[in-house]
Amino acid sequence: MNNPNSNQNDHSRKGNHFSDHSKLTFSQSHEVSTFTSAKYSVKLKVADSNTGAPVKGVLACIIYVENPRITIFKSTAEKGSVSIRSLEAGTYQVTLKKAGYTSQIVHLSIFGNLRTVVNMNLESN
């Protein structure tokens, strides 16, 4: 019977260990990633590279590299930022486009932090 005051669970009593690195390690040395259960968010802040002013209305296309069918389209708000929530851990291709600016493509890896802020600059053309 489980002791309600105990911090251990059935897995740890059977010799399995939980680590701080979001992996479950079995005594037979098999690892199961638990990253898929965590959801991450990213805040993109887009500024004009010449003036530093926030750029409103930038189209951000975010593609999950591991599964390109997962594609998100968002536009930056008045202060040049956009938040994307409920992302899986992994690598994303972020494309920024706005008339009058040179498009920019970056790859963003999301793993450790649940919330990531990315500052990006667009060059006017």
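The values are calculated or read from the model by the stated rules, or taken from the named source; none is laboratory data. Keep in mind it's a predicted model, so treat the numbers as computed, not measured. We place every Cβ from the backbone using ideal geometry, glycine too, and count neighbours over all the protein chains shown.
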Which one is farthest from A47 (Cα to Cα), of the residues in the range 106-125 that are part of a strand (DSSP E or B) and of a type in the set (A, V, I, L, M, F, W, C)? I110
Determine whether D20 is modelled with pLDDT under 50 and acidic (D, E). yes
Could you tell me which residue of the range 41-69 is surrounded by the fewest Cβ atoms within 10 Å (Cβ to Cβ), considering only residues that are closer than 12 Å to Y101 by Cβ and touching a residue at least 40 places away in the same chain (Cβ under 8 Å)? N50
Extreme residue, nearest to C61 (Cα to Cα), among residues of the range 88-108 that are touching a His at 6+ places or on another chain (Cβ under 8 Å) and not aromatic (F, W, Y): V94
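What number of residues within the range 39-60 are among the small types (G, A, S) and touching a Pro at 6+ places or on another chain (Cβ under 9 Å)? I'd like the intermediate steps shown before the answer.
Step one: filter the range 39-60 for residues among the small types (G, A, S), giving 41, 47, 49, 52-53, 57, 60.
Remaining after also requiring touching a Pro at 6+ places or on another chain (Cβ under 9 Å): 47.
Looking only at that region, the number is 1.
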Run E78 past the list (1) more than 26 Å from A38 (Cα to Cα); (2) out of contact with any Pro (no Cβ under 9 Å at 6 or more places or on another chain); (3) part of a loop (DSSP other than H, G, I, E, B) and report the number of the one that doesn't hold. (2)
If V82 passes every condition in (1) within 13 Å of V46 (Cβ to Cβ); (2) touching a residue at least 40 places away in the same chain (Cβ under 8 Å) but one, which one does it miss? (2)
Within the range 70-111, which residues are surrounded by 12 or more Cβ atoms within 10 Å (Cβ to Cβ), under 16 Å from the mean Cα position of the chain (by Cα) and small (G, A, S)? S81, S83, A89, G90
